[in-house]
1. What list do you get for A:33, A:230 if you sort them by fewest beta carbons within 10 Å?
2. Is the shape of the stretch A:267-337 rounded, prolate or oblate, going by the alpha carbon gyration tensor and its root eigenvalues a ≥ b ≥ c, with a/c under 1.5 for rounded and a/b larger than b/c for prolate?
3. Where both partners of a DSSP beta bridge lie in chain B, what percent of those bridges are antiparallel, to the nearest 5?
4. As a footprinting exposure proxy, order A:360, B:187, A:71 by other Cβ within 10 Å, with the fewest listed first.
5. Answer rounded, prolate or oblate for the stretch A:1-110, using the Cα gyration tensor with square roots of eigenvalues a ≥ b ≥ c: rounded when a/c is under 1.5, else prolate when a/b is larger than b/c, else oblate.
6. First select every other residue whose beta carbon is under 13 angstrom from the beta carbon of residue A:189; then total the charges, Lys and Arg +1, Asp and Glu -1.
7. Sorted from fewest to most neighbouring beta carbons within 10 Å, what does the list B:125, B:8 look like?
8. Just need the relative contact order of chain B here, percent rounded to a whole number, with Cα pairs under 8 Å and 6+ apart.
Amino acid sequence: MSAALAEPGPSRMALALTVNGRAVRVAAEPRSHLGDVLRDGLDLTGTHLGCEHGVCGACTVLLDGEPVRACLTFAGACAGAAVTTIEGLDTDAIAGELRAAFNREHALQCGYCTPGMLVAARDLVLRLPEADERRIRVGLSGNLCRCTGYAGIVRAVMAVIADRRGRGIPSETGAERALGPVGAGVGAALVAPLHPPADPVAPAAPAAVADLSDAFAPAQGFTQVLDLAHPPEAVFALLGDIAAVAACLPGAVLTARPTPDTVEGGLQVRIGPIATTFRGRARIGRDEVARTGAVHGAGTDAGGRSATEGRIRYRVGAGPTPGTTRVELDVGYTLTGPLAQFGRPGLVRDLAGRIAAEFCRNLDARLSGVEAPAPAGLNPLRLLLGLARARLAAWLGRA
Amino acid sequence: MKPAAFAWERPDSLPALLARLAEAPAGVKLIAGGQSLGPMLNLRLVEPSLILDITGVPELREARVEGDTLVLGACVTHADLEDGRVPDLTGGALRRVAAAIAYRPVRNRGTIGGSLAHADPAADWVSALTALGAEVEIAGRTGRRALPVERFVTGALTVALGPDEILLAVRVPALPAGAAWGYVKHCTKIGEFAHAIGAVRLEPGAGRGRAVIGAVEGPPVLLADARPLFGGRIGPDFAARFDPRAADLALREAGMADAVERHIHVTVLGRAVAAAADPDPRADTLPEAA
């Protein structure tokens, strides 16, 4: 039994459900998803968990009669709802026909996807009595099977649909149901507090940063251009002053400078609701003659789950008009862990573009002798409070 | 793949929700159907201390027609639109977009307001509602305001909601008689987030139209006046007049540097234009990858 469903405790809510026709009460943490409630709280292990982020379809169950992802339905979201799992479909006519057809067509091998596949297939049979093979394949595309190549599954579903059509059984569209997410019954207020309140987690030591090898080959890259209304020599000089430049970079904190060309610190990254802080170190190089520089760094987030390594090369040149500067940034990075699993390169570029725009404004303010404005929209650096206030340019683009 | 611990509250009225939101700690997050936020919670990319479930507010689960405008409460689901449980003023445009979002179990819980407030650039409603000229209704403790969708979505996963505000409803103007609508998304696997989206809402009779190129890095690229895409004039022959070079130029100006990316997006926009000229009622409920 998982920790989330251990014996009753103060952080758990009393969850009333109707499961397979039987009224049940189960204690669950608000964060428990319906799949864990069913499996760990009620021993209904027919509902399988695969990816737990809505992609594989193994956990598909019926909520108020409609298929949903159990892994994306949290306990608090379905209070009072009726759940039907694969165990509850033993006597269901359509499920019975599907089981026979799956058996006949060899529509399963290991069986891991089968409970979700049957629930999804039953929904297609009910809603799409005219479906051809293409519609069925589209309709089953949210349920992954690693064994069968889908051919037998599609044949089985087609056979059941054709048979029921032959018997003149009409579709059920669910047209009369109430608006809104299925399972979210109207009217019931709910308060499930968290006891004790979630304390900020002490920052875990960052995982050891691998040696910053010159052979680093980034997986992703993009370029960025900053235009500044100040002469190139002034801009290049400022870019050599780590503390000054870093003060212009939103979300960055410098914690140590063990050697003249090495810095340690962190960068808080926010993309919409995602907020994470990478900590690590970076090496700085600079060519005074060519007016170029490079920063090569690596870091991990607080739990050490997501990791990144990146390199920024910059070149300071003359801008389009005399007395102005164009800074060309060449950013390459590799991201691993959950953030990479979710993040698409485009989101990182959009974030980097917005960081660069703010960085550019702050640089301009500093070069103009104005105090850089306080960065807008950034939360306090939860994991880095009390550390040095100086900031670090090295972390630009470390998303 | 288990979320960090959070408290869960489900206010049962709009005043209660707004009051709770105004006094809530910084780590509060709103949830509707949870089909975008859920994966982020499970991956612990988002770790709120309190989740406010907005589905208990009755007016968020309503839809109505106000004159020439369809008003969809934030908690109306994709499946509600797919199944025709709400009125339609768009000649089926909303229904076809909704029917091709992700998978049926996701559509049964995922909401139009949640998707829009989440503002993933590759999500369908961000582009489709921008092309349709929709507005959002926003409620805060101090009152209500409205914004066009193109001013609501300000960046990837970023919208113009204040910390004590919620998205109340989406207001979709009717598609007038004679208007042409085309929406195409390109996915390599059915149900995944799109790699490119093209959408056009054209009024050949009035000589005007909007075009959107979506699933880009930030907010969708909107041509509120789409005439440059059609040699300066939108008429009944708009499909033949579509000029891919003008679309390519618009993407260059929007900062899309990669020529391959531009080619993909221009091609998908061209397909949306073709679909607007010659709607195929059989094919258009299926994503392109099908």
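1. On the way: A:33 28, A:230 17.
The most exposed by this proxy come first: A:230, A:33.
2. Numbers: a/c = 3.54, a/b = 2.01, b/c = 1.76.
Because a/c hits 1.5 or more and a/b exceeds b/c, the stretch A:267-337 counts as prolate.
3. On the way: 40 of 47 bridges.
For chain B, the DSSP antiparallel bridge percentage is about 85.
4. The fewest-first ordering by Cβ neighbours comes to A:360, B:187, A:71.
5. Taking the square roots of the gyration eigenvalues as a ≥ b ≥ c, the stretch A:1-110 is prolate.
6. On the way: positive: B:10, B:20; negative: B:9, B:12, B:53.
Neighbourhood net charge equals -1.
7. On the way: B:125 29, B:8 24.
Arranged by neighbour count, lowest to highest, B:125, B:8 become B:8, B:125.
8. 16 percent
Laboratory data are not the source of any read-out in this text; all were calculated from the coordinates shown. As the structure is a prediction and not an experimental result, all values here were calculated from the model. Don't worry about glycine lacking a Cβ; one is built from the backbone with ideal geometry, like all the others, and counts go over all protein chains shown.
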